[in-house]
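Chemist: Below is a structure I'd like to ask you about.
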Amino acid sequence: MTRILIFANGVLPDAQKARSLVQPGDFIICADGGTRHALAMGLDPGLVIGDFDSLGPDESEKAERAGAQIVRYPHDKDETDLELALNHALELEPSSIVIIAALGDRLDQTLGNIALLSNARLAALDARLDDGLEEAFFCRDKSELRGKAGDIVSLIPWGGPVINLRTKGLKWPLKNETLDPEKTRGISNELLGNSAVVSLSSGLLLIVHRRVIKAEDRTF
């Protein structure tokens, strides 16, 4: 199995930027109402999963006619639709996972979606949330991020201190330093060029990368 894209039912601030994330060969899973995003982009979901409380019958039938497998769960369940989709994706043993439309709108949903990526089952995978403008992922050892000079990069300790944090390619470098979760020192750093490397010896670090969009690049 190659890369899996999961469409959640969150906000897409720029559908065109989100569409640019799609690559040939991606297997597409939609978490309930996330199906609308995929269909609006002209994509055919391989699987639609959830309790279908936020997706109309016309849309689910359209996805099914396009060949999607439909997996229904009862409304009263212990997992969000996105967690169900992520669990199913892991069973397919993908090379990487990108979750689209999981940021914004409701704070509780956003925090829950970020927390899903802290699952130890994802430690060996490149798994991230991305909407085309902003991406979020966890660094457990060493991570590289790519973008443009001026992009905002925030380094947020998750659940405890991050030890011996080192960065290369950021405006304000960190050299074998500790970041504590109750402090904001890692917020709003910047890319100096097209890439940066972050490494640590222990802890779990949330990396939030916000791409700077120039006026001529904006879509309306």
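Chemist: Using the Karplus curve 6.51 cos²θ - 1.76 cosθ + 1.60 with θ = phi - 60°, work out ³J(HN,Hα) for each residue of the stretch 44-59 in order, rounded to whole Hz, and write x for Gly and Pro.
Modeler: So the J values, rounded to whole Hz, are 9, x, x, 8, 10, 9, x, 8, 6, 8, 10, 10, x, x, 5, 6.
Chemist: Summing -39500 (n - 2.57) over the DSSP H runs of n ≥ 4 in the chain and dividing by its residue number, what mean residue ellipticity at 222 nm do you reach, to the nearest 500 deg cm²/dmol?
Modeler: -5000 deg cm²/dmol
Chemist: Going by amide H atoms built from the backbone, whose H comes under 5 Å of the H on residue 99, apart from near neighbours?
Modeler: The answer is 6, 128, 129, 130.
Chemist: May I pose another question? In the structure displayed, which of 142/183; 148/171; 148/168; 17/171; 17/142 lie more than 18 Å apart, Cα to Cα?
Modeler: 142/183; 17/171; 17/142
Chemist: For the stretch 66-177, divide the Cα radius of gyration by the Kirkwood radius and give the resulting Rg/Rh value with two decimals. If you can, show how the numbers build up before the last one.
Modeler: On the way: Rg = 16.3 Å, Rh = 16.3 Å.
Result for the stretch 66-177 is an Rg/Rh of 1.00.
Chemist: Also, I was wondering about something else. Beyond 19 Å, how much of the Cα-Cα pair distribution for the stretch 142-217 remains, as a whole percent?
Modeler: Every Cα pair in the stretch 142-217 considered, those over 19 Å come to 30 percent.
Chemist: Determine ³J(HN,Hα), in whole Hz, for all residues of the stretch 74-89 in sequence, where each value follows from phi through the Karplus function 6.51 cos²θ - 1.76 cosθ + 1.60 and θ = phi - 60°; x replaces Gly and Pro.
Modeler: x, 5, 7, 8, 8, 10, 6, 4, 5, 4, 4, 5, 5, 4, 5, 4
Chemist: Per the Cauchy relation, a quarter of the hull surface: what is the mean projected area of the convex hull of the alpha carbons in the chain, in nm²? Write out the running numbers ahead of the final one.
Modeler: Numbers: hull surface 49.8 nm².
Its average projected convex-hull area is 12.4 nm².
Chemist: Only loop residues by DSSP count here, and only those with at most 15 other Cβ atoms within 10 Å; note down the GluC sites (Glu not before Pro) in the stretch 1-109 that meet that.
Modeler: Sparse-neighbourhood loop GluC sites (Glu not before Pro): 79.
Chemist: Ordered by residue, what ³J(HN,Hα) values in Hz, to whole numbers, does the stretch 110-124 give under the Karplus form 6.51 cos²θ - 1.76 cosθ + 1.60, where θ = phi - 60° and Gly and Pro are x?
Modeler: In residue order, the calculated couplings are 4, 4, x, 5, 5, 4, 4, 6, 7, 4, 4, 5, 9, 4, 8 Hz.
Chemist: Considering the alpha-carbon set of the stretch 4-132 alone, what are its Rg and its Dmax in angstrom?
Modeler: Looking at the stretch 4-132, its Cα Rg and Dmax stand at 13.3, 38 Å.
Every number in this text was worked out from the coordinates using simple rules, so none of it is lab data. What you see is a predicted model; the values in this text were computed from it and never measured. Glycine also receives a Cβ, built like all others from the backbone with ideal geometry; neighbour counts cover every protein chain displayed.
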